[in-house]
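Inspection log for the structure reproduced underneath, given as structure tokens.
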């Protein structure tokens, strides 16, 4: 039997950050990662020597201080997301262009949209990030879905199409699947709805030069010898003195363990003794969102030449909700990235990448014309098909689960501490939240 | 490596029924059961030589033909649930008695209650059991919670208290956690809301002499040598010719496998290759209900002498939603059974049985007077704490999951077929549904 002080399960940003801090505090750490790489839901795929795409989390923005600091620490550069030119809105298979944040829809729809977004902003301010289940309205907001809220507030179909595309892009799930409370918590956690929706001054403002996985790699470089890849954890047994961890490849005894993987995966580990029933049932109630991140790759960003930003907002007549210009900083390739999410992703989940490619490219052609068909390459990444994620971006509590299960996710269970972006209060669901959760877990272990 | 034709995972009513039919069809079968007993979520605990309590599923009623047939086949007797005398309703800590089905509440509440129940009956008739996700209203009904429906329909607080207690007793979850569509599907699956709510002519009409586990034991007796207990399945690998099953204790190669365990547990098995993403994500969206089944055991059913039925319907001021007289058929003991469910169960989940006992007995005293405190024994069973259930009665789709994932639960995946009451169309969630699902799975395997 091997011994160490602290085992960290998962080498995403949360686990790597936790390990990094523990090692800095002089602890002896082993990191067990199920995948053959670090980074977790942040995954940069190198397509050639000097060209990569981010198949997972990729954007960072203002107030996400920890990830910017990490970039700075390792000399990783960031660059602004391309955000110039005409945007496209596609409603009932008709394409229109517009400038700036406000799509070209009828005035009543615009007013309705504006009113609804402001109402969400206002309500979100009432949520306490540490205790979202408390508060006068918590129970009421947790018993209705976000869809029910929108059904009541949004009366104009164009407004609804735009807001649905926006909400689905934020949550990667349909508004039927989360409560209003969870929607508001998430907004509050990122500061404001405007921040979540925006490129400039928002969560999509910057990209990471070299790919969003790069800072994770540099972080891992500090302690590569402590990281074991292809090492999924199967069992965590506790006794008075610590834990014994069984993983594919061996077993380790440690004093403490930090589990930094998504709730649905954490639930698959065989805990002995079993975890508290509240935690068991809460992790049953945190399904992962549904994302297929689709890439159409061209020899150059030709849409820029035509005055397009590359951004589309689309109603369900198209197979994606939104698109973005995801070309390299130097524009040496043209990359359109389409988010196929939630109910639009589900019919495509069990298809092959080739079949999906036809559907996605047809949607791009509908918006940009035949030039969009002339790809060098189509590829996509369906996170629901990733064994060690089960979906993306995050595990979102289903209706009733905030009020029903309160803090059962982050509360340590004996020698087991929890991290992962789902446990974060600030920037929950984002890389930033993952890093913060890793710091918190390291602190909690050191001080316990 | 051991070989057999068909492996069945789980020895609850679904798995046992499947195995039974396969063996009758001449198949060579091995049943792998994680627990140290058969019966699954039906669990009869013998407290003395001639006295038992049913800690899990226990009732059967009209149209549940399969379970009655099973009882008959093995000479197991049934007897009527005790249903005479005054019922109790407890609202705002005030206790009133009433006769029959209709609680003593104000007339506007009564009318409101009646109207709402009839509306649910009517809407449920529109659900097609084979394809609940189709139908004109399916999408609309799946995007709102049952709570939202009730918030709109039920305007009188006494009506709401009664209907909440009733709904929570049916679903073992809060109305915030399921969609209206799922609520309607479940009603339709059991025939009618009236059937689900009733003792006489309803799903609670009869009990099984000797305990509800007894027919499962007799069924298992037909092929005990084929059943392995304490044998949780950890991995199912498929190739062209069949499956290889890893369980605690060995590995078996088989042509086909039937997995008859609850969706949340089926999701924990390591499948190679992975299951279709739609199934992976659907099982993330089928949390188990929350039930603590509580027993106050007395030397005799003393409440009958006072003219009480033993039935209580209570608002959230009491720790249980409903109680029933669960005494043995001959009345040789007095047994009050209290359902502590959903949001009333959650604060009690992490307490000890002793702590819960104080709370539950105090509630019974409030309704029946000090005699209720004089128990011979208090015991309860918290199904969320059962490793091989994770909750009860069943896995219920969270809002949006019917429309989002349609038939992904029951659809075979290569050589893997699925059973379990959650896959049933008729009497989904009941013993009857489990048996029917086992028959269907056996048929599907034999004919595939």
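The values are calculated or read from the model by the stated rules, or taken from the named source; none is laboratory data. Source: prediction; values computed, not measured. Using ideal geometry, Cβ is built from the backbone for each residue, glycine included, and neighbour counts are taken over all protein chains shown.
Considering every residue within region A:199-213, establish whether at least one is buried (at least 24 other Cβ atoms within 10 Å of the Cβ) and within 14 Å of another protein chain (Cβ to nearest Cβ). Scanning region A:199-213 turns up no residue that is buried (at least 24 other Cβ atoms within 10 Å of the Cβ) and within 14 Å of another protein chain (Cβ to nearest Cβ).
Yes or no, residue by residue, for (1) away from every other protein chain (no Cβ under 14 Å); (2) within 23 Å of the chain's Cα centre (by Cα); (3) surrounded by fewer than 19 Cβ atoms within 10 Å (Cβ to Cβ):
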{"site": "B:96", "(1), (2), (3)": "yes, no, yes"}
{"site": "B:107", "(1), (2), (3)": "yes, no, yes"}
{"site": "B:116", "(1), (2), (3)": "yes, no, no"}
{"site": "B:125", "(1), (2), (3)": "yes, yes, yes"}
{"site": "B:135", "(1), (2), (3)": "yes, no, yes"}
{"site": "B:171", "(1), (2), (3)": "no, yes, no"}
{"site": "B:176", "(1), (2), (3)": "no, yes, no"}
{"site": "B:189", "(1), (2), (3)": "yes, yes, no"}
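Close Cβ contacts (under 9 Å, 6 or more residues apart or on different chains) running from residues in region B:95-110 that are under 25 Å from residue B:201 (Cβ atoms) to residues that are loosely packed, with under 12 Cβ neighbours inside 10 Å comprise B:97/B:307. The selection criterion, being assigned to a loop (DSSP other than H, G, I, E, B) and in contact with a helix residue (DSSP H, G or I) (Cβ under 7 Å, 6 or more places away or on another chain), holds for residue B:105. Out of B:32, B:47, B:16, which single residue is over 16 Å from residue B:269 (Cβ atoms), crowded, with 22+ Cβ neighbours inside 10 Å and either under 27 Å from the mean Cα position of the chain (by Cα) or in contact (Cβ under 8 Å) with a residue 12 or more places away in the chain (or both)? After ruling out the rest, the residue left standing is B:16. Against the conditions (1) closer than 30 Å to residue A:5 by Cα; (2) more than 22 Å from the chain's Cα centre (by Cα); (3) more than 13 Å from chain B (Cβ to nearest Cβ), residue A:365 satisfies every one except (1). Taken residue by residue, region B:54-75 has no member that is over 17 Å from the mean Cα position of the chain (by Cα), outside the structural domain of residue B:170 (by TED's automatic domain parsing), without any contact (Cβ under 8 Å) to a residue 40 or more places away in the chain and more than 26 Å from residue B:428 (Cα to Cα). Selection within region A:405-427: residues that are crowded, with 21+ Cβ neighbours inside 10 Å and within 10 Å of chain B (Cβ to nearest Cβ). The member of this set that is farthest from residue A:137 (Cα to Cα) is A:408. When residue A:139 is tested against (1) assigned to a helix (DSSP H, G or I); (2) under 21 Å from the mean Cα position of the chain (by Cα); (3) surrounded by fewer than 24 Cβ atoms within 10 Å (Cβ to Cβ), just one condition goes unmet, and that condition is (2). Taking region B:7-56 and the strands (runs of 3 or more DSSP E) fully enclosed by it, the elements with 2 or more residues that are within 22 Å of residue B:440 (Cβ to Cβ) are at B:29-32. Do we have any residue at all in region A:80-97 that's more than 24 Å from residue A:297 (Cβ to Cβ), part of a loop (DSSP other than H, G, I, E, B), outside the structural domain of residue A:381 (by TED's automatic domain parsing) and in contact with a helix residue (DSSP H, G or I) (Cβ under 9 Å, 6 or more places away or on another chain)? Yes: one or more hits.
Considering only region B:148-166, state which residues are surrounded by 24 or more Cβ atoms within 10 Å (Cβ to Cβ) and out of contact with any helix residue (DSSP H, G or I) (no Cβ under 9 Å at 6 or more places or on another chain). The answer is B:165, and nothing else.
Of all residues in region B:343-362, those that are within 13 Å of chain A (Cβ to nearest Cβ), in contact with a helix residue (DSSP H, G or I) (Cβ under 8 Å, 6 or more places away or on another chain) and touching a residue at least 12 places away in the same chain (Cβ under 8 Å) total 7. Only helices (runs of 4 or more DSSP H) whose full extent lies in region A:145-216 are considered here, and the ones with at least 1 residues that are touching a strand residue (DSSP E or B) at 6+ places or on another chain (Cβ under 6 Å) and touching a residue at least 24 places away in the same chain (Cβ under 8 Å) are A:157-171.
Within region A:60-80, the residues that satisfy the criterion of being surrounded by fewer than 22 Cβ atoms within 10 Å (Cβ to Cβ) and closer than 28 Å to residue A:314 by Cα are A:62, A:79, A:80. Being without any contact (Cβ under 8 Å) to a residue 24 or more places away in the chain and out of contact with any strand residue (DSSP E or B) (no Cβ under 9 Å at 6 or more places or on another chain) is the requirement here; does residue A:129 meet it? The answer is no for residue A:129. Residue A:438: modelled with pLDDT of 95 or more, buried (at least 24 other Cβ atoms within 10 Å of the Cβ), away from chain B (no Cβ under 13 Å) and not in a loop (DSSP other than H, G, I, E, B), yes or no? Taking the combined requirement at face value, the residue satisfies it.
In this structure, is residue A:381 surrounded by 18 or more Cβ atoms within 10 Å (Cβ to Cβ), closer than 30 Å to residue A:280 by Cα and over 17 Å from the mean Cα position of the chain (by Cα)? No: the conditions fail for residue A:381.
Residues in region A:385-404 that are touching a helix residue (DSSP H, G or I) at 6+ places or on another chain (Cβ under 7 Å), buried (at least 24 other Cβ atoms within 10 Å of the Cβ) and at the interface with chain B (Cβ under 7 Å from one of its Cβ atoms): A:390, A:391, A:399, A:400, A:404.
Somewhere in region B:223-232, is a residue part of a strand (DSSP E or B) and touching a residue at least 24 places away in the same chain (Cβ under 8 Å)? Yes - at least one qualifying residue is present in region B:223-232.
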